[in-house]
Protein chains: 2
Amino acid sequence: MTRREKFRQITIDEIKSLARLQMAEGGTASLSLNAIARQMGMSGPALYRYFENRDALLTALIVDAYHDLASELEETAARFADQTARECLKQVLLTYRRWALDHPVDFQLIFGNPIPGYQAEEALTAPSAGKVFAPILRILERAYRLENRAFPAFLAEIPSPLRVGLAASLQENQPDLLQQVVYIGLVGWYHIHGMIMLELFQHIQPLINEPALFYQFEIERLMDQMNL
Amino acid sequence: MTRREKFRQITIDEIKSLARLQMAEGGTASLSLNAIARQMGMSGPALYRYFENRDALLTALIVDAYHDLASELEETAARFADQTARECLKQVLLTYRRWALDHPVDFQLIFGNPIPGYQAEEALTAPSAGKVFAPILRILERAYRLENRAFPAFLAEIPSPLRVGLAASLQENQPDLLQQVVYIGLVGWYHIHGMIMLELFQHIQPLINEPALFYQFEIERLMDQMNL
DNA sequence: CACATTAGTTATAATATATAACTTATGTTA
DNA sequence: TAACATAAGTTATATATTATAACTAATGTG
């Protein structure tokens, strides 16, 4: 990495960092390239040397967010790899919520509704999205394959035309995933996602005194259902 | 209602309608007062006679969306009021999904992340949010109070510091709701919410070939858990 | 030290929200 | 019906924004 490339990277990082700060204050729509440039003490158009346009900056932030979340989940999964699958999954799901609350803007960038006027570049963001789901699937696979846990009974009653599966691009390194594991993973994902969304957007607070406790109790219940 | 007020209302409705159309095409951030005015054949500033600013228009759209969803849910609840609570709830939850799919923009306005730069006026939107939750609670109350269904076993294991209840603003016409009912309602809400998000925003890669079937199967499972 | 590349600059075009000041249409009332 | 107040629209303007074009200054290399 040449000296120039190094400085360039520093500048890019500063831009992204200020962008995140800006959105943390005024919401995901308050992102202004001009304002960032001003804060950095340079003129607006200078930013276009680093990001082709506003959407390119947003895409970069989204990819970063995916990576950050994924790596935190992976880290937790690794740290508890020697525990039971249930304990490991529990810790991963707790990390998931923790990350969402600690990085509300990043979470919205990933899972919130599309930014006004912004069309996500699927090609760029999709591979990163898969990385988030991967550790969960891996733990489930461990539970049902290595720990030989029985699949929950309800799986047998899934109506036959219903099929779930991973897109080809996600299947790398996850060769013969069982259909059942994906189904259970999906159920788990929508459970935690529903809870976190409601909490993050303040829909849950009027109804409950301790969201953290609610979340903990519900993921225990979820894992009971999963027969973990 | 005077003649003037009538025409004024028509204009307001046209503005809102065009706003929704615009957002349906370009996302929630593509809302432009100027563009609406142009489409209506008048100058930009004229719109400010009808809405103080952009946020006021957005707030109006959000309140409308809440009302529309709530009234559809109420209608379904009323139509199936003579059936079992389970059947009635099932129909209401199906309506919920149907509405979300038919009105993606409205759904995003309500439950998506806050629009960039837009700070929801809690005072204006919170009461409307309660109206969406109300029919679900009413059906659950009917099930456990009138139909005398037993509460699911897991309720007994809720950790004691955890308390659920309705905020005062939501409690109108719902005087002494059981804590348990609210808890179950909350669980139901986050379930369907998570599923709809999953389907609508396709954030996660595992693909479902028949989302409708998935949803149906999962709400049956949900109601089994609720012991309905 | 010459020179190509990179990184910045100013100027400008096109739009956006929003306000101010002015004008026209509309309905009411003396 | 004429006078008048109000409502609804206009144009002009201030201040942002994104983005492009054209130019200049800095930087590192041969």
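The values are calculated or read from the model by the stated rules, or taken from the named source; none is laboratory data. Only a predicted model underlies this, so the values are computations on that prediction, with no experimental measurement involved. Note that we place each Cβ from the backbone using ideal geometry, even for glycine, and neighbour counts take in every protein chain shown. Just the protein is used for accessible areas: all its heavy atoms, side chains included, with ligands, DNA and RNA removed. Shrake-Rupley method; radii C 1.70, N 1.55, O 1.52, S 1.80 Å.
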>> If the requirement is being part of a helix (DSSP H, G or I), modelled with pLDDT under 95 and within 12 Å of DNA strand D (Cβ to nearest atom), which of these qualifies: B:Ala24, B:Ala29?
In response: B:Ala29
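Listed here are the residues, each with its yes/no results for (1) within 14 Å of another protein chain (Cβ to nearest Cβ); (2) among the polar types (S, T, N, Q).
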position	(1), (2)
B:Asp13	no, no
B:Ser17	no, yes
B:Glu25	yes, no
B:Ser32	yes, yes
B:Ala35	yes, no
B:Gln39	no, yes
B:Ser43	no, yes
B:Leu47	no, no
B:Glu52	no, no
>> Of everything in segment B:75-84, what is buried (at least 19 other Cβ atoms within 10 Å of the Cβ) and of a type in the set (Ser, Thr, Tyr)? Give them in sequence order.
In response: B:Thr76
> If only one of A:Thr84, A:Thr59 is within 13 Å of DNA strand D (Cβ to nearest atom) and among the polar types (S, T, N, Q), which one is it?
Replying inline: A:Thr59
> Can you find a residue in segment B:6-20 that is of a type in the set (Lys, Arg) and within 8 Å of DNA strand C (Cβ to nearest atom)?
Replying inline: no
> Quick one: is B:Thr95 away from DNA strand D (no atom under 16 Å from the Cβ), surrounded by 13 or more Cβ atoms within 10 Å (Cβ to Cβ) and among the hydroxyl-bearing types (Ser, Thr, Tyr)?
Replying inline: yes
> In this structure, does A:Leu124 turn out to be modelled with pLDDT under 95 and assigned to a helix (DSSP H, G or I)?
Replying inline: yes
> What number of residues within segment B:40-55 are more than 12 Å from DNA strand D (Cβ to nearest atom) and over 19 Å from A:Thr28 (Cα atoms)?
Replying inline: 2
> Hey, among A:Glu25, A:Glu52, A:Glu87, A:Glu72, which residue is open to solvent by 70 Å² or more (accessible area, probe 1.4 Å) and more than 16 Å from DNA strand C (Cβ to nearest atom)?
Replying inline: A:Glu25
> Are any of the residues in segment B:103-111 in contact (Cβ under 8 Å) with a residue 60 or more places away in the chain, assigned to a helix (DSSP H, G or I) and among the charged types (D, E, K, R)?
Replying inline: yes
